[in-house]
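Some notes on the structure that comes next.
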Amino acid sequence: MQRQRTIVRTLGLAAAVALAATACAPQGAGAGSAAPSSPTASPTASPSKQDDKPGESSPSASPSQSPSSSSSPSSSAAPGPKALMANGDESEQVRELQARLRQLKLVSTAPTGFYGSKTTAAVKAFQSQHGLPATGSVDEATWQKVQGLSKKPTEQELRPPTTNEVDAPDPRCMQGRVMCISKESRTLAWMIDGKVVSTMDVRFGSENTPTREGLFQVEWKAKQWTSTIYHTSMPYSMFFSQGQAVHYSSDFAARGYDGASHGCVNVRDKKKLSELFDQVKVGDKVVVYW
């Protein structure tokens with residue numbers, strides 16, 4: 001009986017590891033692969049973001065009243081304007097908004113299509129400048145004003161090939177040796193004791209194969225690696241989360257943000273990544289955050 005329990009527990013662990021592997025992972029990683037896996041790499045959830053969406057907040061609480069036939073339904077506060085775009089959204093419309101805000105010198109980063117803290121701050125600044133309620137979310141009045149003061153973005157403006165501006169580092173990046181990876185600005189900053197040593201553009205997984213967020217560590221490295229699932233080359237791979245890795249992508253270099261990875265963090269500047277690969281050590285931290 002004791003032997004049966006041991007077998008069940010062993011099979012359960014193997015199944016859990018298999019489910020955790022992503023399409024970006026070497027086949028069998030964590031389950032018999034020659035590549036070592038690190039038992040200490042336990043990702044932690046990144047801090048949650050608060051949304052600031054007008055029209056979804058509760059009306060101001062009114063003093064409790066006993067039921068009365070004279071109570072008027074008009075005494076409750078009216079809901080605010082409906083938000084067309086707000087913190088946490090991701091769409092092509094958000095990408096256009098960001099490109100227009102960039103024309104207006106309210107953001108300097110390239111459009112990503114994700115409505116995060118930088119976009120929220122830029123929208124608040126725009127609303128304050130033009131006498132609109134500074135909610136940080138885009139309602140119809142704000143969107144019309146933005147469109148009226150900017151021109152329709154070109155494809156080059158929506159998806160510029162230039163290097164993205166580095167995001168503010170996550171607090172977990174401020175100590176030690178860290179690959180600090182921002183999903184919002186689509187950048188990787190190699191940092192040592194809070195100082196940025198080098199930066200590069202990165203690309204992430206799609207909605208179906210997302211890049212995990214959290215605090216990790218470099219589990220192992222491979223200067224030359226080929227995915228045993230997709231049979232694609234993954235030079236300068238630095239694995240950090242059950243098969244997900246930072247690595248060079250020729251597809252990213254050729255197509256830019258029109259494509260996506262299967263969960264890995266793609267880099268398109270091969271020279272920069274080769275230099276980073278030589279500096280990063282197994283055990284160095286990796287932080288992926290919005």
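The values are calculated or read from the model by the stated rules, or taken from the named source; none is laboratory data. Please read these numbers as outputs of a predicted model, since none were measured by experiment. Ideal geometry is used to build each Cβ from the backbone, glycine not excepted, and the neighbour counts take in all protein chains shown.
If you check Ser249 against the conditions, is it outside the structural domain of Gly88 (by TED's automatic domain parsing) and surrounded by fewer than 17 Cβ atoms within 10 Å (Cβ to Cβ)? Spell out the reasoning first.
Values: outside the structural domain of Gly88 (by TED's automatic domain parsing): yes; surrounded by fewer than 17 Cβ atoms within 10 Å (Cβ to Cβ): no.
No, not satisfied.
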Complete set of residues in the range 139-191 that are at pLDDT below 95, under 17 Å from Lys118 (Cα atoms) and among the acidic types (Asp, Glu): Glu165, Asp167, Glu184
Residues of the range 96-118 satisfying the condition of being part of a loop (DSSP other than H, G, I, E, B), aliphatic (A, V, I, L, M) and within 18 Å of Trp290 (Cβ to Cβ): Val107, Ala110
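In this structure, is Ser274 touching a strand residue (DSSP E or B) at 6+ places or on another chain (Cβ under 9 Å) and either among the hydrophobic types (A, V, I, L, M, F, W, C) or under 15 Å from Arg203 (Cα atoms) (or both)? Explain how you work it out, then say what you get.
Working: touching a strand residue (DSSP E or B) at 6+ places or on another chain (Cβ under 9 Å): yes; either among the hydrophobic types (A, V, I, L, M, F, W, C) or under 15 Å from Arg203 (Cα atoms) (or both): no.
No; evaluated as a whole, the condition is false for this residue.
Only one of these is assigned to a helix (DSSP H, G or I) and either in contact with a helix residue (DSSP H, G or I) (Cβ under 7 Å, 6 or more places away or on another chain) or more than 23 Å from Ser91 (Cα to Cα) (or both): Lys271, Lys221, Lys281. Name it. Talk me through it step by step, then tell me what you get.
On the way: Lys221 fails: assigned to a helix (DSSP H, G or I); Lys281 fails: assigned to a helix (DSSP H, G or I).
So the residue among Lys271, Lys221, Lys281 that is assigned to a helix (DSSP H, G or I) and either in contact with a helix residue (DSSP H, G or I) (Cβ under 7 Å, 6 or more places away or on another chain) or more than 23 Å from Ser91 (Cα to Cα) (or both) is Lys271.
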Inter-residue pairs, beta-carbon under 7 Å, first among the aromatic types (Phe, Trp, Tyr) and in the range 85-114, second assigned to a helix (DSSP H, G or I), 6+ apart: Phe114/Val94
Count - residues of the range 260-290 that are within 19 Å of Arg212 (Cβ to Cβ), at pLDDT 95 or above and of a type in the set (Phe, Trp, Tyr): 1
